[in-house]
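A short worksheet on the structure shown next.
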Amino acid sequence: MAEMKYTEDHEYLRVDGDVATIGITNHAQEQLGDVVFVELPDVGKVCAKGEEAAVVESVKAAAEINAPASGEVVETNSDLESNPGLVNEDPEGGAWFIKLKLSDKSELDGMMDAEAYGKFVAEQS
Amino acid sequence: MSMNRGGRPTSAQGGGSSDSPTFTGNRALMIEEPLLFEVGDISKTGVDLDEPEAHDSRLGSLARSEIGLPGLTEPEVMRHYVRLSQKNFAIDAGIYPLGSCTMKHNPRLNEKMARLPGFGDIHPLQPQSSVQGALELIDTLAAWLLELTGMAGVAMSPKAGAHGEFCGMAAIKAAQLAKGDARSVVLVPESAHGTNPATAALLGYKVRDVPAREDGTVSPDAVKEALGPDVAAIMLTNPNTCGLFERDIVAIADAVHEAGAYFYCDGANFTAIVGKAKPGDLGVDCMHINLHKTFSTPHGGGGPGSGPVVFSDAIAPYAPVPYVVRNGEEFTLVETAGAAKGAKPFGRQTAFHGQMGMFVRALAYMMSHGCDGLRQASEDAVLNANYVRAGLRDVMTQPFGDRVCMHEVLFDDSFLKDTGVTTLDFAKAMIDEGFHPMTMYFPLVVHGAMLIEPTESESKASLDQFIAALRDLVRAAKGNDKERLTGAPHHAPWARLDETRAARQPVLRWSPEKPAEAAE
């Protein structure tokens, strides 16, 4: 069973074994507005925690998606390149960005679960 | 004449228009203008040329029978461009309060000076002996810029703000490499112009964010924490993009220098401090100056821009070629590295010497204002922004509290909370009121940002009208008249355009065959 983790940068990680599927949360896509462009890394790229992994551009702003944990990119969601609007339609489902093979699962320890993230978003707005 | 609708706005025409349609689709003097390709016809021409004499073509298979260019008569061309220009909104037409862009009036005296034959009709490849006056003008403008900034050296050739940023940061990189001190990181505050991290990245640096503190400014402690032996420079805008003066700038500069790094100041907002503070006194090592903002040369489609860069003693030797050197009454344009003593230019960025026409306009602005006039222009720009702030502070919300701003005033969208009206709606409704919208959703650190820069060009009467109109829009947003904003613009030639589709499916090429198909 996959486990959900959230960061303060409004990224989610769906962790299954040592692979995390990473995307941006529904709250993040609401803040960004209509997404018009997504840039994905090459498969095989090794990211350090906090390093830029992808770029998302909306009608309002461009934002970096930083790797929330260290690891190697094992798959990217090429659907987003042809249909960036998917990020608005299904952010926490079909519009995942990358799958990362985690190199150090202990990096997930401090991250929020769904309940804590919900509270975090409520406090921010 | 058929209109090709491919790539045209799909939303309904502005309100008011649909009540009484006209036969042509035109609205009095607002003409529905087709593309040049749709006006023209390949059989028409604006000039009567002789048929070419018979000759052997040397193009072979490269020759094309049709090149697909429209043929137009001169009246057709004139009407097309005049009609397009009538749809344009410019600083000459009304208030243009685009924050961080300094859309100030372009004095017509500047234009007159730029058209003097000795400046307007010369060529960059003329012998230097025949353009001594132009070189003297570049040298004089450089001297004014050095005086106003308190800096040691200047590069005149960069052609825009971002071009200037690249120049300054390339000089910083060259200075560090010359010391054998290669560094890899540039610090950029969160409220920076987007061009700052882009410049750093283009030069191969990694960008490290510096968070702002609660009051919207950068704290020296945050900078100290981010500094290290790998940091080459900090890029800081002052006044910053929140319209606030970075009051700890000297402490920040000291910390940066102690760590062996340099201080790049983004001069986009220099207009607020001309004649009041010299960047050289604040510890700045490099700063670009947007002549097309601070010194009133045209921009926003009317450009070109011009972005000279000033340097501290430490960086000045690395300034790029070309530059003007004065020997007594003679002026020389130095084109090659090593031609001047002590100079170690990092290279060159432009084919020639920069935007001569803009140099003439900027110097005309400076000389016609004088030192006292330049100072007063800055004071008036700050006064006008604060007048707008004072006129709106009880109905709109400021992200960092009600405090004196510099040349631009920043509001956030918390006053629109629970109204269903967004910053975008608010901006579109300003179009109906006859104003260019303010800068919206920038800086990114503020939610639903609205950044208003009235500049010194506006009179009290025009500011009063602007304030009254915005107050009325706030009343509409909070009352029962939301549609006035959410459906805006109602009175523009076109209503709300589909910006998302324009970005996702841009139609970049006109094609007669498949007009409705969007290019991917």
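The values are calculated or read from the model by the stated rules, or taken from the named source; none is laboratory data. Everything numeric here is computed off the predicted structure, so don't read it as measured data. Don't worry about glycine lacking a Cβ; one is built from the backbone with ideal geometry, like all the others, and counts go over all protein chains shown.
Would you confirm whether or not the range B:147-163 contains a residue that is part of a helix (DSSP H, G or I) and aliphatic (A, V, I, L, M)? Within the range B:147-163 (the criterion being part of a helix (DSSP H, G or I) and aliphatic (A, V, I, L, M)), the answer is yes, since at least one residue qualifies. Of the helices (runs of 4 or more DSSP H) lying entirely inside the range B:179-263, the ones with 1 or more residues being at pLDDT 95 or above and over 25 Å from A:Ala61 (Cα atoms) are found at B:220-226, B:249-258. May I ask you to say which residue of B:Arg64, B:Arg58, B:Arg83 is out of contact with any helix residue (DSSP H, G or I) (no Cβ under 8 Å at 6 or more places or on another chain) and either outside any loop (DSSP other than H, G, I, E, B) or closer than 30 Å to B:Leu374 by Cβ (or both)? Sole residue among the options that is out of contact with any helix residue (DSSP H, G or I) (no Cβ under 8 Å at 6 or more places or on another chain) and either outside any loop (DSSP other than H, G, I, E, B) or closer than 30 Å to B:Leu374 by Cβ (or both): B:Arg83.
Counting only helices (runs of 4 or more DSSP H) that sit completely within the range B:402-520, those holding 3 or more residues that are more than 14 Å from chain A (Cβ to nearest Cβ) and touching a residue at least 40 places away in the same chain (Cβ under 8 Å) correspond to B:423-432, B:460-478, B:483-486.
Scanning the range B:356-401 for residues that are among the basic types (Lys, Arg) and in a helix (DSSP H, G or I) yields B:Arg361, B:Arg375, B:Arg389. Considering the conditions (1) more than 13 Å from every other protein chain (Cβ to nearest Cβ); (2) aliphatic (A, V, I, L, M); (3) in contact (Cβ under 8 Å) with a residue 40 or more places away in the chain, A:Val36 is excluded by exactly one of them, (1). Checking each residue in the range B:345-364 for being surrounded by fewer than 21 Cβ atoms within 10 Å (Cβ to Cβ) and within 12 Å of B:His292 (Cα to Cα) picks out only B:Gly357. Within the range A:74-84, is there a residue that is in contact with a Lys or Arg (Cβ under 6 Å, 6 or more places away or on another chain) and either crowded, with 20+ Cβ neighbours inside 10 Å or more than 9 Å from chain B (Cβ to nearest Cβ) (or both)? The answer is yes; a qualifying residue exists.
Residue selection: B:Val395 satisfies the criterion of being of a type in the set (A, V, I, L, M), closer than 27 Å to B:Pro443 by Cα and over 24 Å from the mean Cα position of the chain (by Cα). Cβ-Cβ contacts under 7 Å between residues 6 or more apart (or on different chains), taken from a first residue in the range B:162-173 that is of a type in the set (Asp, Glu) to a second residue that is in a helix (DSSP H, G or I), are listed as B:Glu165/B:Thr195; B:Glu165/B:Asn196; B:Glu165/B:Thr199.
Residues that are under 18 Å from the mean Cα position of the chain (by Cα), surrounded by fewer than 24 Cβ atoms within 10 Å (Cβ to Cβ) and over 18 Å from B:Val207 (Cα atoms) within the range B:162-188 comprise just one, B:His163. Going by the conditions given, is A:Val59 in contact with a Leu (Cβ under 9 Å, 6 or more places away or on another chain) and buried (at least 21 other Cβ atoms within 10 Å of the Cβ)? Here the answer is no, as A:Val59 does not meet what is asked. With respect to (1) in contact (Cβ under 8 Å) with a residue 60 or more places away in the chain; (2) closer than 30 Å to B:Ser296 by Cα, the lone exception for B:Gln86 is condition (1).
Tell me yes or no: at least one residue of the range B:128-145 is touching a residue at least 24 places away in the same chain (Cβ under 8 Å) and within 14 Å of chain A (Cβ to nearest Cβ). Within the range B:128-145, none of the residues are touching a residue at least 24 places away in the same chain (Cβ under 8 Å) and within 14 Å of chain A (Cβ to nearest Cβ). Taking the criterion of being farther than 17 Å from B:Phe295 by Cα and within 14 Å of chain A (Cβ to nearest Cβ), would at least one residue in the range B:99-119 satisfy it? The answer is no, given that none of the residues of the range B:99-119 is farther than 17 Å from B:Phe295 by Cα and within 14 Å of chain A (Cβ to nearest Cβ).
Considering the range B:18-55, the residues that are in contact (Cβ under 8 Å) with a residue 60 or more places away in the chain and not in a loop (DSSP other than H, G, I, E, B) include one that is nearest to B:Leu84 (Cα to Cα), namely B:Met30. Within the range A:5-33, being among the acidic types (Asp, Glu) and within 14 Å of chain B (Cβ to nearest Cβ) holds for A:Glu8, A:Asp9, A:Glu30. The residues on offer are B:Leu62, B:Leu35, B:Leu49, B:Leu72, and the sole one that is at pLDDT 85 or above, more than 39 Å from the chain's Cα centre (by Cα) and not polar (S, T, N, Q) is B:Leu62.
Say we look at the range B:373-401 and pick out the residues that are among the charged types (D, E, K, R) and free of Cβ contacts under 8 Å to residues at least 24 places away in the same chain; which of these is surrounded by the most Cβ atoms within 10 Å (Cβ to Cβ)? This residue is B:Arg389. If the condition is being at pLDDT 90 or above, at negative phi and part of a loop (DSSP other than H, G, I, E, B), then the range B:336-355 contributes B:Lys344, B:Pro345, B:Phe346, B:Gln349, B:Thr350, B:Ala351, B:Phe352, B:His353, B:Gln355.
The set of residues from the range B:289-334 being under 25 Å from B:Pro127 (Cα atoms), among the aliphatic types (A, V, I, L, M) and assigned to a strand (DSSP E or B) comprises B:Val321, B:Val324, B:Val325, B:Leu333, B:Val334.
Yes or no, residue by residue, for (1) away from chain B (no Cβ under 14 Å); (2) acidic (Asp, Glu):
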residue	(1), (2)
A:Glu51	no, yes
A:Ala63	no, no
A:Gly71	yes, no
A:Asp109	yes, yes
A:Glu115	yes, yes
A:Gly118	yes, no
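Scanning the range A:87-107 for residues that are surrounded by fewer than 19 Cβ atoms within 10 Å (Cβ to Cβ) and within 14 Å of chain B (Cβ to nearest Cβ) turns up A:Asn88, A:Glu89.
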